[in-house]
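Written out below as structure tokens is the structure these notes cover.
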Amino acid sequence: MPMPHIHEKIDFAVTIFIVHSEKVLFIKHKSLGIWLAVGGHVELDEDPETAALREVREESGLEIELLGTRPDVAMTNGQMLIPPIFLDIHDITPSHKHIGMVYFARAKTDRVVLAEHEHDDIRWLTAADLDDPRYNLLPQIRFYAQEALRLCA
């Protein structure tokens, strides 16, 4: 099943590296066949922070705490958001890209629910697992996971 795109050329997406007990959560994406962190598109009616919390609930059942600092500034026409830890842009197809907003988060529990319509597997990986050839993690995914484990320790 192809990913639904909001815009023809570029979509905004969130990726959330969730840490619990020195492990980071990964899903095996059903249509891509690779191990990734939880995430997805930022919908037209939501901000990135809301999208991150929604994607985590939908894909794992977890309630999380996003890492980062929400500026303590009152706004008369909006609200301050927790910024992503990293930003990237990556190809989805030759004619479509995602601007990725990478968040780190902590989970209060390790009890997850597999979103069977989207993923083949869900599991917590240790720092040693990140280099295991069974998972064949993309270099940027391994980097983000290592950073999440380091910052959430």
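State which residue is nearest to residue 7 (Cα to Cα) when the search covers only region 112-126 and only residues that are in contact (Cβ under 8 Å) with a residue 24 or more places away in the chain, surrounded by fewer than 14 Cβ atoms within 10 Å (Cβ to Cβ) and not hydroxyl-bearing (Ser, Thr, Tyr). Only one residue fits best here, namely 117. Scanning region 28-58 for residues that are more than 17 Å from residue 88 (Cβ to Cβ), buried (at least 18 other Cβ atoms within 10 Å of the Cβ) and hydrophobic (A, V, I, L, M, F, W, C) yields 35, 53, 56. Only one of (1) more than 13 Å from residue 17 (Cβ to Cβ); (2) of a type in the set (A, V, I, L, M); (3) without any contact (Cβ under 8 Å) to a residue 60 or more places away in the chain is not met by residue 64, so which one is it? Evaluating residue 64 over (1) more than 13 Å from residue 17 (Cβ to Cβ); (2) of a type in the set (A, V, I, L, M); (3) without any contact (Cβ under 8 Å) to a residue 60 or more places away in the chain leaves (1) as the failure. Just checking: which of the strands (runs of 3 or more DSSP E) contained wholly in region 47-125 hold 3 or more residues that are in contact with a Leu (Cβ under 6 Å, 6 or more places away or on another chain) and of a type outside the set (Ser, Thr, Tyr)? Counting at least 3 such residues, we get 96-107.
If you filter region 112-153 down to residues that are within 20 Å of residue 55 (Cβ to Cβ) and either among the polar types (S, T, N, Q) or over 17 Å from the mean Cα position of the chain (by Cα) (or both), you find that the one that is modelled with the highest pLDDT is 140. Selection over region 126-153 of residues that are more than 24 Å from residue 90 (Cβ to Cβ) and part of a helix (DSSP H, G or I) gives a count of 1.
Can you say whether residue 104 is hydrophobic (A, V, I, L, M, F, W, C), under 16 Å from the mean Cα position of the chain (by Cα) and under 20 Å from residue 92 (Cα atoms), as far as the supplied structure shows?
No.
For the condition among the polar types (S, T, N, Q), touching a residue at least 40 places away in the same chain (Cβ under 8 Å) and surrounded by fewer than 17 Cβ atoms within 10 Å (Cβ to Cβ), what is the one hit in 109, 69? Please lay out each step first, then the result.
Values: 69 fails: touching a residue at least 40 places away in the same chain (Cβ under 8 Å).
That would be 109, the only listed residue that is among the polar types (S, T, N, Q), touching a residue at least 40 places away in the same chain (Cβ under 8 Å) and surrounded by fewer than 17 Cβ atoms within 10 Å (Cβ to Cβ).
Checked against the criterion of being in contact with a helix residue (DSSP H, G or I) (Cβ under 8 Å, 6 or more places away or on another chain) and within 22 Å of residue 53 (Cβ to Cβ), the candidates 99, 85 yield just one match: 85. Closer than 24 Å to residue 147 by Cα, exposed (fewer than 15 other Cβ atoms within 10 Å of the Cβ) and not acidic (Asp, Glu): is that true of residue 76 in this structure? Considered against the rule, which asks whether it is closer than 24 Å to residue 147 by Cα, exposed (fewer than 15 other Cβ atoms within 10 Å of the Cβ) and not acidic (Asp, Glu), residue 76 comes out as no.
The values are calculated or read from the model by the stated rules, or taken from the named source; none is laboratory data. Every value quoted in this text rests on a predicted model; they were computed, and no experiment measured them. Here the Cβ is made from the backbone with ideal geometry for all residues, glycine too, and neighbour counts use every protein chain on show.
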